[in-house]
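Accompanying notes for the structure given below.
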Amino acid sequence: MLLRLLLIWTLNALALVAVANFVPGIHVDGFMAAFIAAIVLGFVNTLIRPVFLVLTLPATVLTLGLFIFVVNGLLFWFAGSILRGFTVDSFWHGVLGAALYSIFSWALSSAATQLLVKKHGNRKDPDQL
């Protein structure tokens, strides 16, 4: 369980480094800063994001779900403002960074799952690392 959590955080840190290389307004000062930022982003998405999604539900319904990009961008920007080695220059960089971060994180997690399933054989739950 702990090894799985460390693997996910490491993959998310790699995704954050990749986002910093693609988006010019996002800066990460090394892998350790990316690792800490991945932990903070995980806590923000676990604790704060559900509250914002409930509070902004009317706007989300009115925009057919597109307002979730705004919420994700704000939280990504917020995480960049409270951390020292991870900065997000503007709201729009946060929106683009959050979208790319989720795509890269998903791709890395899926690739790791496929590699582990191939190495250890089929499991009943393919989403379990």
Discussion item. With the requirement that a residue be aromatic (Phe, Trp, Tyr) and more than 12 Å from the chain's Cα centre (by Cα), what does region 78-118 give you?
Written reply: PHE78, PHE86, PHE91, TRP92
Worksheet item: Which of the residues that make up region 43-71 are under 16 Å from ILE82 (Cβ atoms) and of a type in the set (Ser, Thr, Tyr)?
Response: THR46
Worksheet item: PRO58 passes all but one of (1) in contact with a helix residue (DSSP H, G or I) (Cβ under 8 Å, 6 or more places away or on another chain); (2) over 13 Å from GLY97 (Cβ atoms); (3) not aliphatic (A, V, I, L, M); which number fails?
Response: (1)
Worksheet entry | Matching option when the condition is outside any helix (DSSP H, G or I) and among the polar types (S, T, N, Q), among THR46, THR60, THR113, THR87 | THR87
Worksheet item: Within region 21-28, is there a residue that is part of a helix (DSSP H, G or I) and aliphatic (A, V, I, L, M)?
Response: no
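In region 32-56, which residues are more than 22 Å from VAL71 (Cβ to Cβ), surrounded by 15 or more Cβ atoms within 10 Å (Cβ to Cβ) and either under 11 Å from the mean Cα position of the chain (by Cα) or not β-branched (Val, Ile, Thr) (or both)?
So the first thing to find is which residues in region 32-56 are more than 22 Å from VAL71 (Cβ to Cβ), and the list is 32-36.
Those still in the list that are surrounded by 15 or more Cβ atoms within 10 Å (Cβ to Cβ) too: 33-36.
Selection gives ALA33, ALA34, PHE35.
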Worksheet item: Can you name the condition, by its number, that PHE76 falls short on among (1) of a type outside the set (Val, Ile, Thr); (2) buried (at least 19 other Cβ atoms within 10 Å of the Cβ); (3) not in a helix (DSSP H, G or I)?
Response: (3)
Worksheet item: When residues of region 1-31 are filtered for being in contact with a helix residue (DSSP H, G or I) (Cβ under 9 Å, 6 or more places away or on another chain) and closer than 18 Å to SER105 by Cβ, how many remain?
Response: 19
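A short reminder: the numbers here are calculations on the coordinates, not readings from a lab. Being a predicted model, the structure only gives us computed values, none of them experimental. When we count neighbours, we look across all protein chains shown, and the Cβ atoms used for this are built from the backbone with ideal geometry, even at glycine.
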